Amino acid sequence: MKGQKKTKRIGVFVCHCGVNIAGVVDVEKVAKTLTDYPGVAFSTNYIYVCSDPGQQMIIDTIKEKKLDGIIVAACSPTLHEKTFQEAARLAGLNPYQIEIANIREQDSWVHVDKDKATKKAVKIIKAHVEKAVRNESLEPIKVEVHRRALVIGGGISGIQAALDIADHGYEVLLVEKNPSIGGKMIQLSETFPTLDCSQCIMTPKMVEASRHPRIKLLTYHEVESVSGFVGNFKVRIKKKPRYVDAVLCNLCAECEKVCPQIVPDEFNMGLSFRKAIYMPFPQAVPGTYTLDAEHCLGLNPVRCGKCKDVCEKKAISYEMQETIFEEEVGAIVVATGYDLYSMQALGEYGGEKIPDVINGLEFERILSASGPTAGIIRRPSDGKVPKSVVFVQCSGSRDTEKHNPYCSKICCMYTAKHAMLYKHRVPDGQAIVFYIDVRTGGKAFDEFYQRTIEEDKVLYIRGKVSKIFKDGDKVVVWGVDTLTGKKVEVEADMVVLAMAMVKAEGVGDLLRKLKIQTDIHGWLAEAHPKLRPVESLNAGFYLAGCAHGPKDIPEAVAQASAAAAKVGDLFAQKELSHEPTVVPVDEDKCSGCAICITMCPYQARTLDTERGVVVVNEILCEGCGACAAACPSGAAQQRNQTDDQIFSMVTAMMKG
Amino acid sequence: MFEPQIMSFLCKWCTSAAADLAGTSRLHYAPNPVNLRVMCSSRVDPQHILYAFKEGADGVFIGGCHPGDCHYVEGNYKTLRRVTLFKRMLDDLGIDSRRLRLEWISAAEGKKYAQVMDEFTEQIRGLGPLQLNENALMKEEEKDE
Amino acid sequence: MKVHYYPGCTLKEKTTALDVSTREAMKCLDIELVEPEGWTCCGAEYPLTEEKIVGLAAPLRVLRQVREENGDFVITTCSFCYAVLKRANKAIKDDPLKHKRVNAYLRDDIKINALTKEKTTGFEDYNGEVRVLHLLEYLRDHVGYQKIRSRLKRPFGGLPIAAYYGCRLLRPAKDMDLGEPDDPRLFEEFLEAVGATPVDYPFKQECCGSYLSVSLPDAATEASYRVLRSARSNGAAAITVTCPLCFYNMDRRQDKIKEAFLDFPGLPVLFFTQILAWALGVEKTVLGLNQHAVPADDLFRDAPAPEVTL
């Protein structure tokens, strides 16, 4: 494919770089050879082009010789490309008309034969001339930014991110699907390693979030759909009917007393009951009752109506409807949290059929002073205080055969905490922990674990548990002590399984709506595992908390604040500036085959079914060129690296 | 001695950076490969490869990031698929598919880059010049504009 | 209808009760069981070792014979045989080397096999074409519980019976493909179909002791004891098995179990096919109950289910 060769005036500046280049490459000869090359209007060599005088020389030459493109043949572009682009701009030249030919790192520094190195330098520079002659002047793509953030998820991560973004001065919509914010952290009793009361440290943050002038708290809301792109998202949010006016409700609790419907209490992990009209927990934010329509006897027509009758404040209204509204935001923080792996999946541990085999969150509720047993450790089946409790780590984690291959990170610490707290409250009880490893990487973590063994006399046995079953009154645990090589059989009163952390239930649907990438386990995928942990590759989406992967509270908070800082970076820009070397579509050539659409990792390309051509969102396009290579008709060409340019460069490199 | 011409497409984020590192480390290798820097190895179209052979390349090299490390998420997988299929076509077309090499070289692997360049150059030297039948190529004047 | 049936050696010698009750039960369902000509021992576990590929020739010869007799599948009641035959099939499907070698052995074998009394005209490689079905699976999927229920002459009156799977029937789950090992329904559904009440107890797949009854009898005694005790303490009036070795360990050695564990009063052990046969109307005398060390006659009565004292 031949493109039009504009009659451009290209300037070639060959740098000596002292002796770095000139010691091997005959720079004078190179500059001279290029003088006669088609498209070159001026060619020279200079000792250090990156120096001030060197740059000034370039600027002056551009003006004098009326150059409309330059090649700087010197070191790697990674070093000075920006420098020369700046210089060119000062001379009135578009920065995208600058080409850097690497004749140092990839030529003079690596080759010994001077003749061959010189010939290679000529080829390289000629190729860049071919490219330069076809380069377009480009401007970075500007896009405006709505300086407003959406945070999805009202757990500790979502709350922290919302607070930080709001403190920066931007408005935040905090959407939470449950009637109250708080997530899983508010369900915890005490947190490791300080044994801080979880609710005591969290409720101030929850209240702050509800009172912050720039945070719009949207509880009992869900995200319906997201469209648009970074800086310009349109979000449709569904408001679920609470049937109670949150402002009028004064928490007198009369409605709860008269409600006839009894429902397992999710907050207490099913260990106690609530009514159909309920407050999830005493410190709920917002502090209001909610009528759970699914468990109410009936609202349409009204079958009961007792709660409304006794409500003094007239806060209850059965006519409330689900509404959907649209908001515009510039950034979205996804903080949807986690769930625990279902015990039903572990048939060998009873498959959730044994009442006294519980998971960590259930035990937290039992430990909690405001929980179903008022903080006294009682086992679910008969309320007896268990005198022998077995804790099983890695239940459903680190299992490559059937369950989850990854480590859930927090279980070693919370199991130590559970065992310790158990021993504090039942001093004559026996606590046994079956473990594979004990991972205590955080600050003061290992010291905490050592305390559990030394002070609280918890017995740690290294071995996996193969079977848990009920035998009469007891729960039998079959394990092994790999350090002595002996089988261990424990008749326990209660067993606490440290179940694996898994992606939050129902979040898959939401993430598909957001079109955000996850890994194979459903954890949000970060842009780079090492260097960009709080952003998604999908521009405008930020990750916080366990939605990104198992982590403990300090890490979740740190990540939330980091995500907020990144949102701040985005909002601090007057406009978003995006590299224009993207891959647009020549609509005359596009047949609408849509092959390029499947190539794009950023979903930047869509098919306009009416016109039968592909349309590119240039802001989402990152300019990798994968689509350009796949396009059968050549309609997709990368700006300033078109096929024509590549072909001409290849010719110059092979035949120059 | 026959000096093979080698056309080298290097991805900016990994292999080109490795080539730079080889330079900073002053490692020496054969001057035969000439580098064209692309944003991602997935920019390389089989057309470009064939064109290179036509223009005189005896060997074509493509350097990209290790699987899982692509700056653009999955570009290198696309390259892998294309090159795998294309090699079969090359053999069918009568071009020894060993003349096309795809290698994953990360930005930290300057030494590997130098070694591979030497290795590949020697391999192509052993295979000899490509010698595409000049008669099979259309003359410049006959080409449709 | 004629269906291929592989009894396995033990069913012809030590536990003919399982063989006879199977045949009689199937007769009631209009199924005639046909044994493949000249069948030999399945190899009982050893064919599944990695190195001794020749061992696979034993079970695969049987399956090939079924194919030669135009059978698509073969049913078996012994869970050991079932596991070996089924996994041998998979072994040659998964590993081309094993496939090649075993067929080479089979080819040699055919040349000298005088039993067929035919000159070999050609040899077609055996590729695992014949499906291996356990009778429980066959009853569920091919006969159907509906049909069984419609033919019941003596429903069991809800007698609580513990289904014992043993080690072979369900594991390894990927090879055996009979359901989730930790929450199986196959045997329980069968018991419900014949009018018995399946008992849930945690030892339904724990080892009965297997061959240890020969080499380390005390271990086998304890292993079987634990299974029986668990079944009984969860309300079972009997335990039903599908393997002659389990039967041996739990029935024939029950006296040893009682000696070692004085708190154990005993529990009758039945083959599931005896239950099926009885329920379908087969006479008690034909069930092979005289082979039981622990008397089980009382369970088979026309009167309502006996009281079960734990």
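The values are calculated or read from the model by the stated rules, or taken from the named source; none is laboratory data. Note that this is a predicted model, so its numbers are computed, not measured. Using ideal geometry, Cβ is built from the backbone for each residue, glycine included, and neighbour counts are taken over all protein chains shown.
Looking at the range A:475-485 only, could you name the residues that are assigned to a strand (DSSP E or B) and loosely packed, with under 11 Cβ neighbours inside 10 Å?
First pass over the range A:475-485, keeping only residues assigned to a strand (DSSP E or B): A:475-481.
Within the range A:475-485, no residue meets the criteria.
Listed here are the residues, each with its yes/no results for (1) of a type in the set (F, W, Y); (2) assigned by TED's automatic domain parsing to the domain that holds A:A547; (3) free of Cβ contacts under 8 Å to residues at least 24 places away in the same chain; (4) not in a loop (DSSP other than H, G, I, E, B).
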{"position": "A:P355", "(1), (2), (3), (4)": "no, no, no, no"}
{"position": "A:D382", "(1), (2), (3), (4)": "no, no, yes, no"}
{"position": "A:Y406", "(1), (2), (3), (4)": "yes, no, no, no"}
{"position": "A:M413", "(1), (2), (3), (4)": "no, no, no, yes"}
{"position": "A:L421", "(1), (2), (3), (4)": "no, no, no, yes"}
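Listed here are the residues, each with its yes/no results for (1) over 22 Å from A:M499 (Cβ atoms); (2) among the aromatic types (F, W, Y); (3) part of a strand (DSSP E or B).
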| residue | (1), (2), (3) |
| --- | --- |
| A:K417 | no, no, no |
| A:H424 | yes, no, no |
| A:F434 | no, yes, yes |
| A:R439 | no, no, no |
What residue, among those in the range A:17-40 that are among the acidic types (D, E) and in a loop (DSSP other than H, G, I, E, B), is nearest to A:R89 (Cα to Cα)? A:D36
Among the numbered conditions (1) part of a loop (DSSP other than H, G, I, E, B); (2) touching a His at 6+ places or on another chain (Cβ under 9 Å), tell me where A:V285 comes up short. (2)
Just one of B:A57, B:A114 is touching a His at 6+ places or on another chain (Cβ under 8 Å), touching a residue at least 60 places away in the same chain (Cβ under 8 Å) and crowded, with 21+ Cβ neighbours inside 10 Å; which is it? B:A114
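Do you know which of the residues in the range B:97-111 that are in contact (Cβ under 8 Å) with a residue 40 or more places away in the chain and in a helix (DSSP H, G or I) is nearest to the other protein chains (Cβ to nearest Cβ)? Outline the logic, then answer.
At the first step, the residues of the range B:97-111 found to be in contact (Cβ under 8 Å) with a residue 40 or more places away in the chain are B:99-111.
Those still in the list that are in a helix (DSSP H, G or I) too: B:99, B:110-111.
Numbers: B:R99: 14, B:G110: 10, B:K111: 12 Å.
Across the range B:97-111, the extreme among qualifying residues is B:G110.
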Can you pull out the residues in the range A:526-544 that are part of a loop (DSSP other than H, G, I, E, B) and within 17 Å of A:Q603 (Cα to Cα)? A:E526, A:A527, A:S536, A:L537, A:N538, A:A539, A:G540
Residues that are within 13 Å of chain B (Cβ to nearest Cβ), at pLDDT 95 or above, part of a strand (DSSP E or B) and in contact with a helix residue (DSSP H, G or I) (Cβ under 8 Å, 6 or more places away or on another chain): does the range A:41-64 have at least one? no
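Looking at B:G94, B:G63, which is the one that is buried (at least 18 other Cβ atoms within 10 Å of the Cβ) and more than 8 Å from chain A (Cβ to nearest Cβ)?
Working: B:G94 fails: buried (at least 18 other Cβ atoms within 10 Å of the Cβ).
On inspection, the qualifying residue turns out to be B:G63.
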Mind listing whichever residues of the range B:17-32 are within 22 Å of A:L79 (Cα to Cα), more than 8 Å from chain A (Cβ to nearest Cβ) and in contact with a strand residue (DSSP E or B) (Cβ under 8 Å, 6 or more places away or on another chain)? B:A18
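May I ask you to say which residue of A:G549, A:G592, A:G508 is at positive phi, away from chain B (no Cβ under 14 Å) and either modelled with pLDDT under 95 or not in a loop (DSSP other than H, G, I, E, B) (or both)?
Working: A:G549 fails: either modelled with pLDDT under 95 or not in a loop (DSSP other than H, G, I, E, B) (or both); A:G508 fails: at positive phi.
None of the other options fit; the residue is A:G592.
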So B:L10, is it of a type outside the set (D, E), buried (at least 23 other Cβ atoms within 10 Å of the Cβ) and in contact with a Phe, Trp or Tyr (Cβ under 7 Å, 6 or more places away or on another chain): no
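Which residue is farthest from the chain's Cα centre (by Cα), if the candidates are limited to the range A:13-59 and must be polar (S, T, N, Q) and surrounded by fewer than 17 Cβ atoms within 10 Å (Cβ to Cβ)? If you could, list the steps in order and put the result at the bottom.
To start, the set of residues in the range A:13-59 that are polar (S, T, N, Q) comprises A:20, A:33, A:35, A:43-45, A:51, A:55-56.
This time we only want the ones that are surrounded by fewer than 17 Cβ atoms within 10 Å (Cβ to Cβ), so: A:35, A:51, A:56.
Numbers: A:T35: 52, A:S51: 42, A:Q56: 45 Å.
Here the residue is A:T35.
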All but one of (1) more than 11 Å from every other protein chain (Cβ to nearest Cβ); (2) touching a Cys at 6+ places or on another chain (Cβ under 8 Å); (3) of a type in the set (S, T, N, Q) hold for A:Q97; which doesn't? (2)
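In the range C:194-225, how many residues are hydrophobic (A, V, I, L, M, F, W, C), buried (at least 19 other Cβ atoms within 10 Å of the Cβ) and outside any loop (DSSP other than H, G, I, E, B)?
3
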Counting only residues in the range B:37-60 that are of a type in the set (A, V, I, L, M) and in a strand (DSSP E or B), the one nearest to the other protein chains (Cβ to nearest Cβ) is identified as B:V38
Taking the condition of being assigned to a helix (DSSP H, G or I) and either within 16 Å of C:R23 (Cα to Cα) or not hydroxyl-bearing (S, T, Y) (or both), how many residues in the range C:126-153 meet it? 14
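For the range A:224-243, what are the residues that are of a type outside the set (S, T, Y) and in contact with a Lys or Arg (Cβ under 7 Å, 6 or more places away or on another chain)? Please lay out each step first, then the result.
Applying the first criterion (of a type outside the set (S, T, Y)) to the range A:224-243 yields A:224, A:226, A:228-242.
If the condition is that a residue be of a type outside the set (S, T, Y) and in contact with a Lys or Arg (Cβ under 7 Å, 6 or more places away or on another chain), then A:E224, A:V226, A:G228 are the ones that fit.
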Hey, does the range C:148-167 have a residue that's surrounded by fewer than 17 Cβ atoms within 10 Å (Cβ to Cβ) and touching a Cys at 6+ places or on another chain (Cβ under 7 Å)? yes
Conditions (1) surrounded by 17 or more Cβ atoms within 10 Å (Cβ to Cβ); (2) polar (S, T, N, Q); (3) at pLDDT below 95; number of the one not met by A:T400: (1)
Going through the range A:595-644 one residue at a time, which ones are within 16 Å of A:P580 (Cβ to Cβ), more than 10 Å from chain B (Cβ to nearest Cβ) and outside any loop (DSSP other than H, G, I, E, B)? A:V616, A:A636
